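To start, the structure under review is shown below, and the notes come after it.
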Amino acid sequence: MTLDELNALPAAAAEDSLLACCASRRWAAVVAGGRPYGGLPALRDAAAVALDGLDWADVEAALRAHPRIGERPEGRGREASWSRREQSGMDAAEERVRTALAEGNRRYEERFGHVFLICATGLGAADMLAALERRLGNPPEVERGVVRGELGKIVQLRLAKLLGRETEG
């Protein structure tokens, strides 16, 4: 899809397309409502402002669409395909690292009530595990800020992917 095509879509279709970048319906509605965008930087700026404006329930809605680190997302949709590529650093992970990530995911979800989210693009499994272990010590209010930051990174990368510009991460 091109930016011109996104700009020309009916609102509901634009929102549906944007949901692959961030699964918060409120976020998608705000970003779709800001069209037309003159370029990817303007779209990214609007996306960041919309993300900053989400309440925690909206962030949690977005988190529910993300698979656990180390678990391959099922499905054939755009978002599942992107998640598989984003987590490709797990492909060569040793079994002990996979096991530690699974245990860390469980502890993280018990502590914070949602999936551990990290912008996995370009990270190896050991890097993701180290971040998980480090973030388990965060107070909940600090972790919410980290999660928002990681979600923002993912959204920015996925917007470029949506527009067929994966090299503009």
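Scanning segment 53-71 for residues that are over 10 Å from the mean Cα position of the chain (by Cα), under 12 Å from Leu151 (Cβ atoms) and of a type in the set (Gly, Ala, Ser) yields one hit, Ala61.
Applying the criterion of being acidic (Asp, Glu) and exposed (fewer than 14 other Cβ atoms within 10 Å of the Cβ) to the residues of segment 85-98, the residue that is modelled with the highest pLDDT is Glu95. Scanning segment 119-139 for residues that are open to solvent by less than 60 Å² (accessible area, probe 1.4 Å) and under 15 Å from the mean Cα position of the chain (by Cα) gives Cys119, Ala120, Leu123, Met128. Read through the list (1) modelled with pLDDT of 95 or more; (2) over 19 Å from Gly145 (Cβ atoms); (3) surrounded by 17 or more Cβ atoms within 10 Å (Cβ to Cβ); (4) not small (Gly, Ala, Ser), then give the number of the only condition that Phe116 fails. Failing condition for Phe116: (2). Among the conditions (1) in contact with a Gly (Cβ under 6 Å, 6 or more places away or on another chain); (2) modelled with pLDDT of 90 or more; (3) within 30 Å of Met1 (Cα to Cα), Leu101 misses just one, which is (3). Remark: pairs (first residue in segment 124-139, farther than 12 Å from Arg98 by Cα; second residue open to solvent by 30 Å² or more (accessible area, probe 1.4 Å); Cβ separation under 8 Å; 6+ apart in sequence or on different chains) = Ala131/Leu123; Arg135/Val146; Leu136/Arg107; Leu136/Arg111; Asn138/Val146. Does Leu123 satisfy the condition of being in contact with a helix residue (DSSP H, G or I) (Cβ under 8 Å, 6 or more places away or on another chain), of a type outside the set (S, T, N, Q), at negative phi and assigned to a loop (DSSP other than H, G, I, E, B)? So Leu123 passes the test.
Only a single item in (1) of a type outside the set (A, V, I, L, M); (2) buried (at least 18 other Cβ atoms within 10 Å of the Cβ); (3) modelled with pLDDT of 95 or more is not met by Arg111, and it is number (2). Residue count for segment 29-47 under the criterion of being touching a helix residue (DSSP H, G or I) at 6+ places or on another chain (Cβ under 8 Å) and surrounded by fewer than 14 Cβ atoms within 10 Å (Cβ to Cβ): the result is 3.
Residues are listed down the side, and each one gets a yes or a no for (1) within 30 Å of Gly113 (Cα to Cα); (2) charged (D, E, K, R); (3) touching an Asp or Glu at 6+ places or on another chain (Cβ under 7 Å); (4) touching a residue at least 60 places away in the same chain (Cβ under 8 Å):
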| residue | (1), (2), (3), (4) |
| --- | --- |
| Met1 | no, no, no, yes |
| Asp4 | no, yes, no, no |
| Cys21 | yes, no, no, yes |
| Ala29 | yes, no, yes, no |
| Leu43 | no, no, no, yes |
| Asp58 | yes, yes, no, no |
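Being over 16 Å from Arg158 (Cβ atoms), open to solvent by 70 Å² or more (accessible area, probe 1.4 Å) and in contact with a helix residue (DSSP H, G or I) (Cβ under 7 Å, 6 or more places away or on another chain) is a property that holds for Arg26.
Among the residues of segment 140-165, those identified as touching a residue at least 60 places away in the same chain (Cβ under 8 Å), within 14 Å of the chain's Cα centre (by Cα) and over 17 Å from Glu60 (Cβ atoms) are Gln156, Leu157, Arg158, Leu159, Ala160, Lys161, Leu162.
The values are calculated or read from the model by the stated rules, or taken from the named source; none is laboratory data. Remember, it's a predicted structure, so these values are computed and weren't measured experimentally. All Cβ positions, glycine included, derive from the backbone under ideal geometry; neighbour counts span all protein chains shown. We work out accessible area using only protein heavy atoms, side chains counted, and drop any ligands, DNA or RNA first. Shrake-Rupley method; radii C 1.70, N 1.55, O 1.52, S 1.80 Å.
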